[in-house]
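Structure first, then comments.
The values are calculated or read from the model by the stated rules, or taken from the named source; none is laboratory data. In this text, all values refer to a predicted model and were calculated from it rather than measured experimentally. Here the Cβ positions follow ideal geometry from the backbone for every residue, glycine too, while neighbour counts run over all protein chains shown. Surface accessibility is based on the protein's heavy atoms, side chains included, excluding ligands, DNA and RNA. Shrake-Rupley method; radii C 1.70, N 1.55, O 1.52, S 1.80 Å.
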Amino acid sequence: AQSVTQLGSHVSVSEGALVLLRCNYSSSVPPYLFWYVQYPNQGLQLLLKYTSAATLVKGINGFEAEFKKSETSFHLTKPSAHMSDAAEYFCAVSEGSGTYKYIFGTGTRLKVLA
Amino acid sequence: NAGVTQTPKFRVLKTGQSMTLLCAQDMNHEYMYWYRQDPGMGLRLIHYSVGEGTTAKGEVPDGYNVSRLKKQNFLLGLESAAPSQTSVYFCASSSGQGAYGYTFGSGTRLTVV
């Protein structure tokens, strides 16, 4: 069965520092992978997705993620954190093109320190 | 550009009361979903629908029922609310399988006392 693990439920970075949020997945078939962001009291918004084209995926707000099959990872990065990046981030996986249900990780809350 | 609209946004219920949460989407999406979000547990799928008139159970369906009489609407019902159903409920929709991703509503915060 597919699963998603997000390492670190809380991550703190200084403004201007590198953001690295970790996501590992398990899937028996090539997956589709997603990162969503949730700002306080709002729904989830799609940041970026991997759909088997380029392994380095660029998303909104300067975020990007790299699919590494050998490490079964899809970590989210941003070179320079901004105060507005403070939010909760969720990694999700869909097992191939024939499924319509995604499995979500437990989320990582990002805090940006001034 | 409404997208996915959930009503109500907040609700407090007494144990044993019933209620219906409404989800409406204006994107002509075929697939719709109900999730609950609890601290430390991420999002868990309650029920989903792959088209008008169809529904299916997700990961945590007990205590909930759903209906999709119209393509644009997906209703989540609690027949007899329990404190364990205190949660934030999200509706989502998608145009297809696999790579499409979801569009989420803004959520309903439900407290059962």
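Below is a table of values for the structure above.
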item: Single unsatisfied condition, residue A:75 versus (1) within 14 Å of chain B (Cβ to nearest Cβ); (2) open to solvent by less than 60 Å² (accessible area, probe 1.4 Å); result: (1)
item: Yes/no for residue B:111 being more than 11 Å from chain A (Cβ to nearest Cβ), open to solvent by 40 Å² or more (accessible area, probe 1.4 Å) and touching a strand residue (DSSP E or B) at 6+ places or on another chain (Cβ under 8 Å); result: yes
item: Residue pairs meeting the criteria (Cβ under 8 Å; at least 6 apart or on separate chains; first closer than 23 Å to residue A:16 by Cα, in the stretch A:83-109; second open to solvent by less than 20 Å² (accessible area, probe 1.4 Å) and at pLDDT below 90); result: A:90/B:42; A:107/B:42
item: Test result for residue A:12, modelled with pLDDT under 90 and of a type in the set (Ser, Thr, Tyr); result: no
item: Candidate set from the stretch B:75-101 (those that are of a type in the set (A, V, I, L, M), within 21 Å of residue B:29 (Cβ to Cβ) and within 14 Å of chain A (Cβ to nearest Cβ)); member that is surrounded by the fewest Cβ atoms within 10 Å (Cβ to Cβ); result: B:99
item: Filtered residues of the stretch B:61-84 (kept if in contact (Cβ under 8 Å) with a residue 40 or more places away in the chain and either under 18 Å from residue B:13 (Cβ atoms) or small (Gly, Ala, Ser) (or both)); result: B:75, B:76, B:77, B:78, B:79, B:80, B:81, B:82, B:83
item: Checklist (1) surrounded by 14 or more Cβ atoms within 10 Å (Cβ to Cβ); (2) touching a Leu at 6+ places or on another chain (Cβ under 9 Å) applied to residue B:55, failing item; result: (2)
item: Hey, residue B:68 charged (D, E, K, R), surrounded by 18 or more Cβ atoms within 10 Å (Cβ to Cβ) and at pLDDT 95 or above or not; result: yes
item: Residue ranges of strands (runs of 3 or more DSSP E) in the stretch B:1-106 with at least 2 members touching a His at 6+ places or on another chain (Cβ under 8 Å) and within 14 Å of residue A:101 (Cα to Cα); result: B:31-38, B:87-94
